[in-house]
1. Only four residue types carry charge here, +1 at the Cβ of Lys and Arg and -1 at the Cβ of Asp and Glu. Report the dipole size of region 165-313 about the Cα centre in Debye, rounded to the nearest 20.
2. Using the Cα centre of the chain as the reference point, and only Cβ charges (+1 on K/R, -1 on D/E), how large is the resulting charge dipole? Debye, rounded to the nearest 20.
3. Based on the alpha carbons, how large is the Rg to Rh ratio for the chain when Rh follows Kirkwood?
4. Which of the GluC sites (Glu not before Pro) found in region 215-265 are loop residues per DSSP with 15 or fewer other Cβ atoms within 10 Å of their Cβ?
5. Express as a percent, rounded to the nearest 5, the fraction of DSSP beta bridges in the chain (both residues included) that run antiparallel.
6. Select from Leu77, Leu164, Phe62 the residue farthest towards the positive end of the dipole of the chain; place +1 on Cβ of Lys and Arg, -1 on Cβ of Asp and Glu, and compute about the Cα centre.
7. Can you give me the distance in nm between label points at Ser263 and Asn225, each placed 7 Å from the Cα along the Cα-to-Cβ direction?
8. Which distance in nm do the two modelled labels at Lys183 and Ser249 give, with both placed 7 Å along the Cα-to-Cβ direction?
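The values are calculated or read from the model by the stated rules, or taken from the named source; none is laboratory data. None of the values given here were measured: they were computed from a predicted structure. Cβ sites come from the backbone with ideal geometry, for glycine too, and all protein chains shown count toward neighbours. Ligands, DNA and RNA are stripped out before the accessible areas are found, and what is left, the full protein with its side chains, is counted by its heavy atoms. Shrake-Rupley method; radii C 1.70, N 1.55, O 1.52, S 1.80 Å.
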Amino acid sequence: MRHSEEKSLDQPSAERSAARPTLSSAEGPDFICIGMGSSGSGWLFDQLKYHPDFWMPPIKEFGYLLSREGGLSDVKLERYNAILENTKRISKRANRRPDDTRDREFLREAIASRGQAMDIERYVSFFRFKEGALAGEITPAYARLDGAIVAQLAQRLPEVKIVLLVRDPLERAWSRITKRHRKGLIERKVLEKENDFLGFLESRKMGEAWFPSRIVACWKEHAPNLSFRHYLFDDIAQHPEKTRSAILSYIGGDPDKASGELSAGHNRKAGSEKIDPTDSVRAELIAYFRDELIACADIFGGAATEWPKRYGL
(Lines give C-alpha, C1' and ligand atoms only; values in the text may rest on other atoms or scores of the structure.)
Protein backbone atom coordinates (compact mmCIF):
# COMPACT_ATOMS: atom_id res chain seq x y z
CA MET A 1 0.00 0.00 0.00
CA ARG A 2 1.39 3.35 -0.96
CA HIS A 3 0.92 5.78 1.88
CA SER A 4 1.53 9.46 1.44
CA GLU A 5 1.07 12.48 3.52
CA GLU A 6 -0.15 13.92 1.32
CA LYS A 7 -25.51 -4.82 -19.11
CA SER A 8 -27.89 -2.20 -18.09
CA LEU A 9 -30.56 0.41 -18.52
CA ASP A 10 -30.03 3.08 -21.16
CA GLN A 11 -26.37 3.41 -22.03
CA PRO A 12 -25.03 6.98 -22.02
CA SER A 13 -25.27 8.28 -25.59
CA ALA A 14 -22.27 9.32 -27.67
CA GLU A 15 -23.77 12.78 -28.19
CA ARG A 16 -24.12 13.42 -24.47
CA SER A 17 -20.59 12.33 -23.57
CA ALA A 18 -18.94 14.06 -26.52
CA ALA A 19 -19.96 17.46 -25.17
CA ARG A 20 -17.73 17.29 -22.12
CA PRO A 21 -13.99 16.70 -21.70
CA THR A 22 -12.81 13.25 -20.70
CA LEU A 23 -11.11 13.36 -17.31
CA SER A 24 -11.41 9.64 -16.65
CA SER A 25 -11.38 6.68 -18.99
CA ALA A 26 -11.20 4.13 -16.18
CA GLU A 27 -13.93 1.64 -15.46
CA GLY A 28 -15.69 2.00 -12.15
CA PRO A 29 -14.97 4.61 -9.52
CA ASP A 30 -11.81 6.68 -9.67
CA PHE A 31 -11.74 6.90 -5.90
CA ILE A 32 -13.51 5.53 -2.84
CA CYS A 33 -13.67 7.40 0.44
CA ILE A 34 -13.96 4.69 3.10
CA GLY A 35 -14.79 7.05 5.95
CA MET A 36 -14.50 7.63 8.72
CA GLY A 37 -17.92 8.92 9.76
CA SER A 38 -17.97 12.25 11.60
CA SER A 39 -14.53 12.99 10.21
CA GLY A 40 -15.34 15.28 7.29
CA SER A 41 -17.03 12.96 4.81
CA GLY A 42 -20.05 15.28 4.46
CA TRP A 43 -17.70 18.19 3.79
CA LEU A 44 -15.89 16.22 1.09
CA PHE A 45 -19.13 15.12 -0.57
CA ASP A 46 -20.32 18.73 -0.74
CA GLN A 47 -17.01 19.86 -2.26
CA LEU A 48 -17.08 17.16 -4.93
CA LYS A 49 -20.73 17.17 -5.95
CA TYR A 50 -20.50 20.82 -7.00
CA HIS A 51 -17.03 20.55 -8.57
CA PRO A 52 -17.14 20.60 -12.40
CA ASP A 53 -14.60 17.78 -12.78
CA PHE A 54 -16.76 15.24 -10.94
CA TRP A 55 -19.95 13.30 -11.39
CA MET A 56 -20.95 12.11 -7.94
CA PRO A 57 -23.80 9.63 -7.52
CA PRO A 58 -27.04 11.32 -6.44
CA ILE A 59 -26.70 9.86 -2.96
CA LYS A 60 -23.96 10.01 -0.37
CA GLU A 61 -23.18 6.70 1.30
CA PHE A 62 -24.21 4.46 -1.58
CA GLY A 63 -22.76 1.57 0.40
CA TYR A 64 -23.31 -1.17 -2.16
CA LEU A 65 -20.21 -3.07 -1.08
CA LEU A 66 -21.61 -3.54 2.42
CA SER A 67 -24.53 -5.51 1.10
CA ARG A 68 -23.33 -9.06 0.60
CA GLU A 69 -26.85 -10.27 -0.09
CA GLY A 70 -28.13 -7.21 -1.93
CA GLY A 71 -29.94 -6.03 1.18
CA LEU A 72 -31.03 -2.55 0.19
CA SER A 73 -32.72 -1.42 3.39
CA ASP A 74 -36.28 -0.13 3.49
CA VAL A 75 -34.96 3.25 4.62
CA LYS A 76 -32.61 3.52 1.65
CA LEU A 77 -35.28 2.28 -0.74
CA GLU A 78 -37.61 5.02 0.47
CA ARG A 79 -34.84 7.58 0.07
CA TYR A 80 -33.99 6.44 -3.47
CA ASN A 81 -37.63 6.59 -4.51
CA ALA A 82 -37.99 10.07 -3.03
CA ILE A 83 -35.06 11.31 -5.11
CA LEU A 84 -36.48 9.63 -8.21
CA GLU A 85 -39.69 11.58 -7.71
CA ASN A 86 -37.85 14.87 -7.36
CA THR A 87 -34.44 15.28 -8.95
CA LYS A 88 -34.62 19.09 -9.01
CA ARG A 89 -32.40 19.32 -5.95
CA ILE A 90 -29.67 17.52 -7.89
CA SER A 91 -29.96 19.66 -11.01
CA LYS A 92 -27.67 22.39 -9.61
CA ARG A 93 -24.77 19.99 -9.19
CA ALA A 94 -21.85 20.09 -11.57
CA ASN A 95 -22.04 17.89 -14.68
CA ARG A 96 -25.84 17.98 -14.68
CA ARG A 97 -27.89 19.23 -17.60
CA PRO A 98 -31.61 20.04 -17.84
CA ASP A 99 -32.21 16.86 -19.84
CA ASP A 100 -29.89 14.71 -17.70
CA THR A 101 -31.31 11.25 -16.96
CA ARG A 102 -28.20 9.68 -15.43
CA ASP A 103 -29.28 10.11 -11.82
CA ARG A 104 -32.61 8.41 -12.46
CA GLU A 105 -30.87 5.59 -14.33
CA PHE A 106 -28.38 5.15 -11.51
CA LEU A 107 -31.09 5.01 -8.85
CA ARG A 108 -33.32 2.65 -10.82
CA GLU A 109 -30.41 0.29 -11.30
CA ALA A 110 -29.53 0.50 -7.61
CA ILE A 111 -33.12 -0.36 -6.71
CA ALA A 112 -33.11 -3.23 -9.23
CA SER A 113 -30.09 -4.73 -7.44
CA ARG A 114 -32.14 -5.25 -4.28
CA GLY A 115 -32.31 -8.89 -3.29
CA GLN A 116 -29.36 -9.88 -5.45
CA ALA A 117 -25.94 -10.85 -4.18
CA MET A 118 -23.31 -8.13 -4.05
CA ASP A 119 -21.25 -8.33 -7.21
CA ILE A 120 -18.07 -6.37 -7.94
CA GLU A 121 -18.85 -6.22 -11.67
CA ARG A 122 -22.24 -4.68 -10.97
CA TYR A 123 -20.56 -2.20 -8.65
CA VAL A 124 -18.14 -1.20 -11.42
CA SER A 125 -21.02 -0.78 -13.88
CA PHE A 126 -22.81 1.76 -11.70
CA PHE A 127 -20.09 4.28 -12.49
CA ARG A 128 -20.50 4.19 -16.26
CA PHE A 129 -22.90 7.09 -15.80
CA LYS A 130 -19.96 9.42 -15.15
CA GLU A 131 -19.48 9.90 -18.93
CA GLY A 132 -15.79 10.73 -18.74
CA ALA A 133 -15.97 12.79 -15.56
CA LEU A 134 -14.15 11.77 -12.42
CA ALA A 135 -16.40 9.82 -10.08
CA GLY A 136 -16.37 7.96 -6.82
CA GLU A 137 -18.35 7.39 -3.70
CA ILE A 138 -18.16 8.34 -0.07
CA THR A 139 -19.41 5.69 2.34
CA PRO A 140 -18.06 6.01 5.89
CA ALA A 141 -19.29 2.53 6.77
CA TYR A 142 -16.71 1.13 4.35
CA ALA A 143 -14.31 1.60 7.24
CA ARG A 144 -15.63 -1.76 8.42
CA LEU A 145 -15.27 -3.65 5.13
CA ASP A 146 -13.76 -7.04 5.79
CA GLY A 147 -10.55 -8.22 4.22
CA ALA A 148 -12.19 -10.42 1.60
CA ILE A 149 -14.10 -7.50 0.03
CA VAL A 150 -11.03 -5.26 0.26
CA ALA A 151 -9.03 -7.91 -1.62
CA GLN A 152 -11.71 -8.17 -4.32
CA LEU A 153 -11.61 -4.43 -4.82
CA ALA A 154 -7.83 -4.44 -5.07
CA GLN A 155 -7.91 -7.16 -7.71
CA ARG A 156 -10.72 -5.69 -9.85
CA LEU A 157 -9.88 -1.99 -9.47
CA PRO A 158 -6.09 -1.80 -9.11
CA GLU A 159 -6.01 1.91 -10.05
CA VAL A 160 -8.74 3.12 -7.68
CA LYS A 161 -7.57 5.62 -5.09
CA ILE A 162 -8.59 5.14 -1.48
CA VAL A 163 -9.24 8.09 0.81
CA LEU A 164 -9.41 7.75 4.59
CA LEU A 165 -10.51 10.72 6.70
CA VAL A 166 -9.24 10.39 10.25
CA ARG A 167 -10.29 12.13 13.43
CA ASP A 168 -9.15 11.94 17.03
CA PRO A 169 -10.92 8.65 17.93
CA LEU A 170 -12.18 9.97 21.24
CA GLU A 171 -13.62 13.13 19.68
CA ARG A 172 -15.10 11.12 16.85
CA ALA A 173 -16.75 8.59 19.16
CA TRP A 174 -18.28 11.37 21.24
CA SER A 175 -19.50 13.13 18.10
CA ARG A 176 -21.16 9.93 16.87
CA ILE A 177 -22.80 9.29 20.22
CA THR A 178 -24.15 12.82 20.62
CA LYS A 179 -25.46 12.66 17.04
CA ARG A 180 -27.57 9.68 18.07
CA HIS A 181 -28.83 11.72 21.01
CA ARG A 182 -29.88 14.57 18.71
CA LYS A 183 -31.82 12.07 16.62
CA GLY A 184 -33.64 10.87 19.72
CA LEU A 185 -31.94 7.47 19.74
CA ILE A 186 -30.14 7.93 23.07
CA GLU A 187 -31.46 9.44 26.29
CA ARG A 188 -29.56 12.35 27.78
CA LYS A 189 -28.73 10.34 30.90
CA VAL A 190 -26.60 7.97 28.80
CA LEU A 191 -24.33 10.91 28.00
CA GLU A 192 -24.06 12.02 31.62
CA LYS A 193 -24.02 8.97 33.88
CA GLU A 194 -20.92 6.80 33.93
CA ASN A 195 -22.71 3.48 34.35
CA ASP A 196 -25.25 4.22 31.63
CA PHE A 197 -22.48 5.35 29.29
CA LEU A 198 -20.38 2.24 29.89
CA GLY A 199 -23.41 0.09 29.25
CA PHE A 200 -23.94 1.88 25.96
CA LEU A 201 -20.34 1.36 24.90
CA GLU A 202 -20.57 -2.34 25.68
CA SER A 203 -23.86 -2.70 23.84
CA ARG A 204 -22.44 -1.01 20.74
CA LYS A 205 -19.46 -3.38 20.64
CA MET A 206 -17.19 -0.84 19.04
CA GLY A 207 -15.42 -2.70 16.28
CA GLU A 208 -12.70 -2.04 13.74
CA ALA A 209 -14.43 1.05 12.34
CA TRP A 210 -13.84 2.90 15.62
CA PHE A 211 -10.07 2.38 15.45
CA PRO A 212 -8.23 4.07 12.55
CA SER A 213 -5.06 2.05 13.12
CA ARG A 214 -6.98 -1.19 12.48
CA ILE A 215 -8.54 0.18 9.30
CA VAL A 216 -5.09 1.01 7.94
CA ALA A 217 -3.81 -2.43 8.94
CA CYS A 218 -6.68 -4.15 7.11
CA TRP A 219 -6.08 -2.29 3.85
CA LYS A 220 -2.33 -2.68 4.12
CA GLU A 221 -2.74 -6.45 4.48
CA HIS A 222 -5.43 -7.08 1.88
CA ALA A 223 -4.81 -4.31 -0.67
CA PRO A 224 -1.10 -3.45 -0.54
CA ASN A 225 -1.14 -2.49 -4.23
CA LEU A 226 -3.77 0.24 -3.91
CA SER A 227 -2.97 3.91 -3.59
CA PHE A 228 -4.13 4.88 -0.10
CA ARG A 229 -3.94 8.29 1.55
CA HIS A 230 -5.24 9.67 4.80
CA TYR A 231 -6.31 13.20 5.66
CA LEU A 232 -6.87 14.50 9.17
CA PHE A 233 -10.07 16.13 10.35
CA ASP A 234 -7.94 18.68 12.20
CA ASP A 235 -6.55 19.87 8.86
CA ILE A 236 -10.01 20.01 7.27
CA ALA A 237 -11.19 22.20 10.15
CA GLN A 238 -8.10 24.40 10.45
CA HIS A 239 -6.76 24.49 6.89
CA PRO A 240 -9.73 23.71 4.60
CA GLU A 241 -8.30 25.32 1.45
CA LYS A 242 -5.00 23.45 1.70
CA THR A 243 -6.69 20.14 2.55
CA ARG A 244 -9.26 20.50 -0.21
CA SER A 245 -6.45 21.17 -2.68
CA ALA A 246 -4.50 18.12 -1.49
CA ILE A 247 -7.46 15.76 -1.77
CA LEU A 248 -8.60 17.06 -5.15
CA SER A 249 -5.08 16.79 -6.56
CA TYR A 250 -4.78 13.23 -5.29
CA ILE A 251 -8.03 12.01 -6.83
CA GLY A 252 -7.43 13.83 -10.12
CA GLY A 253 -9.49 17.01 -9.86
CA ASP A 254 -8.41 20.60 -10.41
CA PRO A 255 -8.15 22.33 -7.01
CA ASP A 256 -8.25 25.74 -8.69
CA LYS A 257 -11.83 25.18 -9.85
CA ALA A 258 -14.52 26.24 -7.39
CA SER A 259 -17.13 23.87 -5.98
CA GLY A 260 -20.03 25.95 -7.12
CA GLU A 261 -20.68 28.71 -4.60
CA LEU A 262 -19.28 26.74 -1.66
CA SER A 263 -16.24 28.00 0.18
CA ALA A 264 -13.54 25.49 1.07
CA GLY A 265 -14.53 25.85 4.70
CA HIS A 266 -18.25 25.28 4.16
CA ASN A 267 -19.70 23.15 6.96
CA ARG A 268 -23.41 22.37 6.83
CA LYS A 269 -23.25 20.90 10.33
CA ALA A 270 -21.83 24.01 11.95
CA GLY A 271 -25.06 24.76 13.79
CA SER A 272 -25.41 21.33 15.41
CA GLU A 273 -25.91 21.20 19.15
CA LYS A 274 -22.67 20.72 21.06
CA ILE A 275 -22.59 18.67 24.26
CA ASP A 276 -19.51 18.20 26.43
CA PRO A 277 -18.96 14.90 28.24
CA THR A 278 -19.02 14.87 32.02
CA ASP A 279 -15.67 14.36 33.73
CA SER A 280 -16.43 10.72 34.57
CA VAL A 281 -17.59 9.90 31.04
CA ARG A 282 -14.57 11.67 29.57
CA ALA A 283 -12.30 9.59 31.81
CA GLU A 284 -13.92 6.40 30.53
CA LEU A 285 -13.42 7.49 26.93
CA ILE A 286 -9.76 8.28 27.57
CA ALA A 287 -9.21 4.86 29.11
CA TYR A 288 -11.06 3.15 26.26
CA PHE A 289 -9.07 4.87 23.50
CA ARG A 290 -5.74 5.28 25.28
CA ASP A 291 -3.76 2.79 23.19
CA GLU A 292 -5.45 3.87 19.97
CA LEU A 293 -4.64 7.54 20.52
CA ILE A 294 -0.98 6.66 20.93
CA ALA A 295 -1.03 4.36 17.88
CA CYS A 296 -2.65 7.06 15.74
CA ALA A 297 0.00 9.60 16.72
CA ASP A 298 2.65 7.20 15.45
CA ILE A 299 0.86 6.13 12.24
CA PHE A 300 -0.59 9.41 11.01
CA GLY A 301 1.80 12.03 12.37
CA GLY A 302 0.99 15.67 11.87
CA ALA A 303 -1.83 16.96 14.04
CA ALA A 304 -2.41 13.39 15.28
CA THR A 305 0.73 13.66 17.39
CA GLU A 306 -1.18 16.11 19.58
CA TRP A 307 -4.10 13.78 20.26
CA PRO A 308 -2.61 11.88 23.21
CA LYS A 309 -1.38 15.13 24.72
CA ARG A 310 -4.93 16.47 24.87
CA TYR A 311 -5.72 13.82 27.46
CA GLY A 312 -2.49 13.82 29.40
CA LEU A 313 -1.14 10.68 27.74
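1. So the magnitude is around 440 debye.
2. Using only the charged Cβ atoms, the result is roughly 680 debye.
3. In the chain, Rg relative to Rh is 0.97.
4. Here the GluC sites (Glu not before Pro) that fit, given the DSSP loop and packing criteria, are Glu261.
5. Bridges in the chain that DSSP calls antiparallel: roughly 5 percent.
6. Checked the options; the winner is Leu77.
7. 4.4 nm
8. Distance between the two pseudo-spin positions: 3.6 nm.
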